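Okay, structure first, notes after.
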Amino acid sequence: MSAVKISGLRKSFGPKTVLDGVDLEIRRGEFFALLGPSGTGKTTLLRILAGLELPDAGTVLAPPRRTTVYQEPRLVQARRTLPNVTIGLPRGSRAKGAQALAEVGLEGYGAAWPATLSGGEAQRVALARALVREPELLLLDEPFAALDALTRLQMQELVAELCARHRPAVVLVTHDVDEAVRLADRVAVLRDGRFAVEQPIELPHPRDRDDPDFIAHRRLFLSTLGVS
Amino acid sequence: MSTLAQSPALPAEAAGTLETPRHLGVRRRPAALSLTVRLSVPLLLLLAWWYGSASGALSPDVLAGPGAVLGALGELIATGQLGEYLAASAVRAGLGVAVGAGLGLLLGVLSGLSALGEELIDPTMQMKRAVPFLALVPLFISWFGVQETFKVVLIAVAAAGPMYAYVYLGVRGVDRKVVEAARGFGLRGARLAFGVIIPSALPNILMALRICLSISLTGLIAAEQIGATEGIGYLVTLAQQYYRSDYMVLCIAIYAVLGLAIDLAIRGVERLAMPWRAHLAAR
């Protein structure tokens with residue numbers, strides 16, 4: 001069973017072709033991570049899945065329930081945390097929203113204003129907002145990039161835990177090789193509009209970054225990215 | 001951390017149904033289509049006016065027809081009065097807006113930038129804003145007479161209020177972090193204002209200029225009712241005195257065209273002054 005089916009996807013911006021015939025199939029519940037240097041079209045691929053960009057060519061199929069966590073929290077500053085989580089949901093979703101907040105470790109924060117939250121907290125609210133909709137496809141666009149190193153590790157753990165529990169299909173766009181290897185069932189590196197490497201990660205969770213297999217994966221991806 | 005009850009991993013009802021993501025982004029509209037849509041409502045109004053007059057549904061006593069108004073326009077052009085009137089009004093409005101908007105800009109920046117400035121300036125400006133500038137006409141006449149000074153001062157006072165309010169908002173809206181960084185690089189006073197604050201607040205400032213120019217048209221009608229022998233405000237007075245329906249409508253048309261000209265001019269300035277947001281004209 002697939003959650004995402006992409007074939008022959010092309011997208012150019014002006015003279016620059018960022019996606020040049022990409023084929024991708026993601027199983028239900030699979031965690032897929034996409035690595036690549038800046039400006040290679042990782043985020044474009046994700047935005048096409050979210051419906052924020054139109055492909056130039058190719059077919060894109062995704063489940064109807066898709067949610068996105070962006071690099072920034074993108075909360076409505078003028079509304080409190082709980083209404084931010086339940087935004088766009090039918091009335092009577094307060095309990096669900098509060099539950100989702102509790103799940104990301106922010107129990108009792110429902111009445112807080114977004115401006116009073118720390119960066120990590122705000123990003124967890126964004127995660128709760130994405131999860132409360134019970135997505136079949138969760139799109140993560142460098143969701144930890146703006147966080148400090150310690151918070152980032154905690155957030156990775158939280159995402160791993162929540163994804164293991166809810167089992168959405170996930171597309172994670174990231175620059176962080178360790179993050180990709182730590183979380184994903186499969187990692188691909190996007191280069192010159194195509195996947196230069198596509199590799200399943202079959203290590204048991206939780207993954208130890210000092211494990212020789214982990215190190216081997218890291219080395220492969222880093223060398224594909226041109227860092228040795 | 002509390003946990004939710006295990007939620008079903010795969011909702012059965014949705015299993016297997018995939019769709020092409022519906023496009024949520026902004027589509028680019030062809031320029032020609034945009035222009036056509038933009039022009040369509042004014043053109044429809046003109047057409048309705050013309051049809052109403054031609055079919056007799058609109059009596060000339062209620063609203064003069066396009067023919068009569070064009071005739072009046074021709075008359076004004078032939079006597080050279082249109083040019084003179086426009087020039088006289090442009091000088092008054094230009095001077096008034098320059099003085100008033102300049103003052104509003106200065107006060108708005110001061111008030112927006114410093115707590116002391118806000119405390120000193122804002123309450124007075126808010127009170128001033130509550131006073132309709134037309135209420136000042138009698139007082140200004142007794143101070144300045146009915147000549148040019150009175151007219152320019154009246155328009156300046158009318159323009160200062162909205163300029164102040166929008167600049168204050170604009171300056172308040174400038175990213176504090178950028179201002180903090182600029183202060184860290186040693187920018188103070190005028191250099192901070194002209195180097196960082198005013199460029200960043202430019203969208204609001206140009207919005208304010210738009211409103212100031214529109215208000216100056218109102219000011220012209222009030223100012224040129226008294227002690228004027230030329231000007232587009234004077235033309236309104238004339239039309240009223242002689243009960244000339246064609247001139248009344250002509251005045252409205254002139255103001256409408258001026259409004260359009262102001263809009264186009266500000267759009268042009270926006271394009272030149274804010275190249276970093278070339279496609280986002282302030283509204």
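FYI, it's all coordinate maths here, none of it is from the lab. The structure presented is a predicted model; accordingly, all values stated were derived computationally and were not measured. Quick reminder, even Gly has a Cβ in these numbers, built from the backbone with ideal geometry, and neighbours come from all protein chains shown.
Values computed for the structure shown
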item: Stretch gain in nm, segment A:Asp23-A:Glu202, where the contour uses 0.36 nm per residue and the Cα spacing is subtracted; result: 62.3 nm
item: Peptide-level mean, for B:20-26, of C-beta atoms on other protein chains within 10 Å; result: 6
item: Principal axes of chain B: Cα extent on each, largest first, Å; result: 83, 57, 34
item: Relative contact order %, the range B:81-242, counting alpha carbon pairs below 8 Å whose residues are six or more apart; result: 34
item: Percentage relative contact order, the range A:189-228, counting C-alpha pairs under 8 Å, at least six apart; result: 37
item: Within the range B:81-242: Cβ-based charge dipole about Cα centre, in debye rounded to nearest 20 (Lys, Arg +1; Asp, Glu -1); result: 500
item: For chain B, calculated [θ]222 nm from helices alone, where every DSSP H run of n ≥ 4 adds -39500 (n - 2.57); result: -23000 deg cm²/dmol
item: Dipole magnitude of the range A:1-145, debye to nearest 20 (Cβ charges: Lys/Arg +1, Asp/Glu -1, about Cα centre); result: 460
item: A:Ala78/B:Trp50 FRET efficiency (R0 51 Å; Cβ-Cβ; nearest 0.05); result: 0.60
item: 14 Å beta-carbon shell around B:Val91, net charge (K/R +1, D/E -1); result: -2
item: Check: the protein assembly as shown dipole with +1 on Lys, Arg Cβ and -1 on Asp, Glu Cβ, in debye; result: 180
item: Gyration tensor (Cα) of the protein assembly as shown, equivalent ellipsoid semi-axes in angstrom; result: 61, 29, 22
item: Which of B:Ile221, B:Ile141, B:Gly117, positive extreme of dipole for the range B:81-242 (C-beta unit charges); result: B:Gly117
item: Peptide A:23-32 - average C-beta neighbours from other chains (10 Å radius); result: 1
item: Ranked by how many other beta carbons lie within 10 Å on average, peptides B:243-249, B:107-113, A:73-79, B:201-207 from highest; result: B:107-113, B:201-207, B:243-249, A:73-79
item: Percent of Cα-Cα distances greater than 30 Å, calculated over chain A; result: 24
item: Selected from B:Gly161, B:Pro203, B:Leu103, residue furthest toward positive end of dipole (the range B:81-242; charges at beta carbon); result: B:Pro203
item: Between 0 and 90°, nearest 10: helix B:31-54 axis offset from chain B longest Cα axis; result: 30
item: Where N is the number of residues in the range B:81-242, Cα Rg divided by 2.2 N^0.38 Å; result: 1.19
item: Net charge over other residues, Cβ less than 10 angstrom from the Cβ of A:Glu134 (K, R count +1; D, E count -1); result: +2
item: Chain A: relative contact order in percent, alpha carbon pairs under 8 Å with at least 6 residues between; result: 27
item: Cβ crowding within 10 Å averaged over residues, with A:199-207, A:166-174, B:210-218, A:21-29 ranked highest first; result: A:166-174, B:210-218, A:21-29, A:199-207
item: Distance from the range B:82-156 to the range A:57-95 (C-alpha centre basis), Å; result: 48
item: Relative packing of A:126-137, A:150-161, which averages over residues the other C-beta atoms within 10 Å, highest first; result: A:126-137, A:150-161
item: Net charge contributed by nearby residues that have their C-beta within less than 13 Å of B:Leu220 (K/R +1, D/E -1); result: -1
item: 10 Å Cβ neighbours from other chains, averaged over peptide A:48-57; result: 3
